[in-house]
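Some notes on the structure that comes next.
The values are calculated or read from the model by the stated rules, or taken from the named source; none is laboratory data. Nothing here was measured: the structure is a model prediction, and the numbers come from that model. With ideal geometry, Cβ positions are generated from the backbone for all residues, glycine too; neighbour counts draw on all protein chains shown. Accessible surface is based on the protein model in full, side chains and every heavy atom, while ligands, DNA and RNA are left aside. Shrake-Rupley method; radii C 1.70, N 1.55, O 1.52, S 1.80 Å.
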Amino acid sequence: MLSSIEDSPLHLIANPKSMAFFGASNNIVSMGTNQLLSLLSLGYEGRVYPVHPKEEKVQGLKAYRSVLDLPEVPDVAMMVLPTQVVNPTLEECGRKGIKRAIIVSGGFKEVGGDGAALEQEMVRIAARYGLRILGPNGLGVANPYRKLNTTFIPHEGQPGFIGLASQSGSFVTQMFNYLANLGLGFSTALSVGNEANIDLVDALEYLGACPHTKVIAMYIEGLKRGRAFLEVARKVTRRKPVVVLYIGGSEAGRRAGLSHTGSLAGPDDLYGGVFRQSGVIRAESVTELFDFCWALGALPAPRGNRVIIQTHSGGPGAAAADACGRAGLQLPALADETRSRLAPYLPHTGSCQNPVDLTFTKNPGDFYSRIPKVLLADPGADMLLVYFFTPEPVLRRGLSQMGVPPEKLDEEATKVLDLSCRAVLKTIKEQDKPVIGYTWRSLEESFSRKLTEGGVPLYPEAERAARAMSALVRYHAYRVKMAESKIQV
């Protein structure tokens, strides 16, 4: 493991104070230009030096004819250049003294033949100058904490706690919007491309040391250094969860990965074994990848796999019970003391079984505070799964019936929703047990958005919530096992 995060070859790439930018111009349709605009639009605060053979200015910035003309040695060289121009440019960067490069250009190992030979030459040039490369055939890095985004797509959302290492560059960019819609975001996202001399193992080490990263997501097409990955993953997972989506296990996935980044995949069961041995949680889809990361990054460790379900409708409760059973979670019966404490809050139509089906509550506010507090205190509860159903049309109708004038409905509805959300968040904060929500309504509704912004994982299906809870249990069970066995890794 790294003795310090500054020792990682990725530290300067993810935290540069200055960049030389090759391949941007005043042609708005070019890829390099769009990547420069992505960098500038996020408000990157470092110094940017466009290098262009003809232009005096590029996107309002002073341009330079050659990297050798720059007034300083930049931390990073960013290249979005034709394939044949990359290596001569890299040679000049080495002569300038630049030690880090992001190479977006494709046409190397992934196409075979001459492309593979060019990549070998690239590696030799880099070795001659002690130069470390992210790429080629990748989109670089997004570090919203540094207002840094070298990818083609403008960054969306806020900085978050998910670190990503991906062999696909576009995968990084597609996830900006996906995570923003969940109220999540990246701490740092790295596109390693063909992994010329920085690979997934380096990325895993860096994210393991990154202070903003609580959970690590990885998109893997194949591993160059399987044993090194196993060793590093074992060390990282003792401190942070790692979730992997591996797409090279099928023949179709293997072929796609080979043509995409030149990655050599292995048998699915072999990779599955490597992941299990190292404490890595495997996801079967993009949805699972970030569902698991959401729970693992946001929630405390559960003491076991026992779940109490809270709902005010039988259908969602039954669906959640079935999903929990399929995910290997247990639904314990409520303790007698818990039943007694719940009684004042339940109507005669409610159920004190598990799922706890309230049908409705005598005081609607109890659903968000007193009832979950009682359930979380149950000695058999390791986690609480809550069906959140707060339809605004019903709320507005109720307020209207109470005499609230039409022009005040929006204001009063917002107050009620804020109060309910604060009650949920306060209850959760006072406990040390994971609380996950699910709903069949839109996650864009005000109440749902307020919950997710407050740090509560809220899934649009009981099945997704249950699988995320199972991932949470499996990861923390692994950590306990490692601690008890005192295995040195």
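Identify all residues within the stretch 190-213 that are under 14 Å from the mean Cα position of the chain (by Cα) and over 23 Å from ALA126 (Cβ atoms); write none if there are none.
Correct list: GLY208, CYS210, HIS212, THR213.
Can you run down the residue pairs with Cβ atoms below 8 Å, 6 or more apart or on separate chains, where the first is in the stretch 451-476 and farther than 17 Å from TRP440 by Cβ and the partner is polar (S, T, N, Q) and open to solvent by less than 10 Å² (accessible area, probe 1.4 Å)?
Once the first residue is farther than 17 Å from TRP440 by Cβ and sits in the stretch 451-476, its partners that are polar (S, T, N, Q) and open to solvent by less than 10 Å² (accessible area, probe 1.4 Å) give TYR475/THR237.
Can you tell me which of LEU207, LEU289, LEU296 is aliphatic (A, V, I, L, M) and either over 30 Å from PRO372 (Cα atoms) or modelled with pLDDT under 95 (or both)?
Result: LEU207 is the single residue among LEU207, LEU289, LEU296 that is aliphatic (A, V, I, L, M) and either over 30 Å from PRO372 (Cα atoms) or modelled with pLDDT under 95 (or both).
Across the stretch 425-438, which residue is most open to solvent (accessible area, probe 1.4 Å) among those that are of a type outside the set (Lys, Arg) and without any contact (Cβ under 8 Å) to a residue 60 or more places away in the chain?
Once the filter is applied, the top-ranked residue is GLU430.
Look through the stretch 346-376, keep the residues that are in contact with a Lys or Arg (Cβ under 8 Å, 6 or more places away or on another chain) and within 21 Å of PRO300 (Cα to Cα), and return whichever of them is most open to solvent (accessible area, probe 1.4 Å).
Out of the qualifying residues, it is SER369.
Does the stretch 390-423 hold any residues that are under 14 Å from ASP366 (Cα atoms) and open to solvent by 30 Å² or more (accessible area, probe 1.4 Å), and which are they?
Once the filter is applied, which keeps residues that are under 14 Å from ASP366 (Cα atoms) and open to solvent by 30 Å² or more (accessible area, probe 1.4 Å), the stretch 390-423 yields VAL416, LEU419, ARG422.
For the stretch 443-489, name all the residues that are closer than 24 Å to ALA413 by Cβ, out of contact with any strand residue (DSSP E or B) (no Cβ under 7 Å at 6 or more places or on another chain) and among the small types (Gly, Ala, Ser).
Once the filter is applied, which keeps residues that are closer than 24 Å to ALA413 by Cβ, out of contact with any strand residue (DSSP E or B) (no Cβ under 7 Å at 6 or more places or on another chain) and among the small types (Gly, Ala, Ser), the stretch 443-489 yields SER446, GLY454, GLY455.
Select from the stretch 1-27 the residues that are modelled with pLDDT of 95 or more and among the aliphatic types (A, V, I, L, M) and write down the one among them that is farthest from VAL232 (Cα to Cα).
Selected residue: ALA24.
With ALA301, ALA295, ALA335, ALA318 as the choices, which residue is under 28 Å from the mean Cα position of the chain (by Cα), surrounded by fewer than 21 Cβ atoms within 10 Å (Cβ to Cβ) and in contact (Cβ under 8 Å) with a residue 12 or more places away in the chain?
ALA301
Looking at the stretch 256-274, can you tell me whether even one residue there is modelled with pLDDT of 90 or more, touching a helix residue (DSSP H, G or I) at 6+ places or on another chain (Cβ under 9 Å), crowded, with 22+ Cβ neighbours inside 10 Å and assigned to a helix (DSSP H, G or I)?
Yes, the stretch 256-274 contains a residue that is modelled with pLDDT of 90 or more, touching a helix residue (DSSP H, G or I) at 6+ places or on another chain (Cβ under 9 Å), crowded, with 22+ Cβ neighbours inside 10 Å and assigned to a helix (DSSP H, G or I).
Quick one: what pairs do we get from the stretch 56-71, first residue of a type in the set (Gly, Ala, Ser), second modelled with pLDDT of 95 or more and surrounded by 18 or more Cβ atoms within 10 Å (Cβ to Cβ), C-beta under 6 Å, 6+ apart or different chains?
ALA63/PRO50; ALA63/HIS52; ALA63/GLU55
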